[in-house]
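Engineer: This is the structure, below, for whatever I ask next.
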Amino acid sequence: GNGNGGTGGGWVRIQGGTLEMNGTLLANGTDFGGNSRGAGGSGGGIFSDGDLTATDLTVTGNLAGAVGDGGDGYKGGASCDDDKGGNGGEGGAGGGIAGSGTLSLVNGVISSNWGGNGGNGGTYGGAGGKGGRGGGLSVEGEWRIADSVLRANETGNGGLGAAMYWLSGSQAGDGAGG
């Protein structure tokens, strides 16, 4: 399908409201929400549409959703632009924590998390998708972080673009004279 991957962390999803966490470890979660040609799911460890208040929280080894590749183009058309391959989708954001509410983190560790990888472009000119932003943290709302460590988090890799080539009225030969 062409839809976006669902948001919804590998461990915790907050849809409105408030969640308070104390002394919690969230490790090795994956949001597999990504699918072909849409954006990958965000929040490998936690996704929050509400308010998140956390003390002594460790979020480590989580991965936001990756996506599929763009659809293949058709090489027999009259125009390169009309028949080029589809673009890859964008990888999910916030491998550790993603959200749009308010985040308050005290004495936390967010380490070794990854944004989702972008999809490859479809054959005949599809562009590669962007890698997911915010390997450790991607919060679009207000955030406060105190006495915490953020380390070794990585954004997702961008997808590969597909070469656009067109041969018109000629064919490649084997180099033998005739």
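Engineer: Among the listed residues 63, 57, 103, which satisfies the condition of being in contact with a Leu (Cβ under 6 Å, 6 or more places away or on another chain) and not aromatic (Phe, Trp, Tyr)?
Structural biologist: After ruling out the rest, the residue left standing is 103.
Engineer: Give the number of residues within region 110-135 that are over 21 Å from residue 62 (Cα atoms) and open to solvent by 40 Å² or more (accessible area, probe 1.4 Å).
Structural biologist: 3
Engineer: Still on this structure, please answer the following. For residue 63, work out the one condition from (1) within 21 Å of residue 120 (Cβ to Cβ); (2) open to solvent by 20 Å² or more (accessible area, probe 1.4 Å); (3) at pLDDT below 85; (4) not charged (D, E, K, R) it doesn't fulfil.
Structural biologist: Tallying (1) within 21 Å of residue 120 (Cβ to Cβ); (2) open to solvent by 20 Å² or more (accessible area, probe 1.4 Å); (3) at pLDDT below 85; (4) not charged (D, E, K, R), residue 63 fails exactly one: (3).
Engineer: Another one. Are any residues in region 136-160 in contact with a Gly (Cβ under 6 Å, 6 or more places away or on another chain) and either among the acidic types (Asp, Glu) or open to solvent by 60 Å² or more (accessible area, probe 1.4 Å) (or both), and if so, which ones?
Structural biologist: Result: 150, 154, 155, 157, 160.
Engineer: Which numbered condition trips up residue 50, out of (1) touching a strand residue (DSSP E or B) at 6+ places or on another chain (Cβ under 7 Å); (2) surrounded by 24 or more Cβ atoms within 10 Å (Cβ to Cβ); (3) at pLDDT 80 or above?
Structural biologist: (2)
Engineer: Next question. Here are some conditions: (1) surrounded by fewer than 24 Cβ atoms within 10 Å (Cβ to Cβ); (2) outside any strand (DSSP E or B). Residue 104 meets all but one. Which one does it not meet?
Structural biologist: Among (1) surrounded by fewer than 24 Cβ atoms within 10 Å (Cβ to Cβ); (2) outside any strand (DSSP E or B), the lone unmet condition for residue 104 is (2).
Engineer: Further, regarding this structure: Does residue 86 satisfy the criteria of being part of a loop (DSSP other than H, G, I, E, B) and either modelled with pLDDT under 85 or open to solvent by less than 20 Å² (accessible area, probe 1.4 Å) (or both)?
Structural biologist: no
The values are calculated or read from the model by the stated rules, or taken from the named source; none is laboratory data. Everything numeric in this text was worked out from a predicted model, so none of it was measured. Note: ideal-geometry Cβ built from the backbone for every residue, glycine included; neighbour counts use all protein chains shown. Just so you know, the surface numbers come from the protein's heavy atoms only, side chains and all, with ligands and any DNA or RNA stripped out. Shrake-Rupley method; radii C 1.70, N 1.55, O 1.52, S 1.80 Å.
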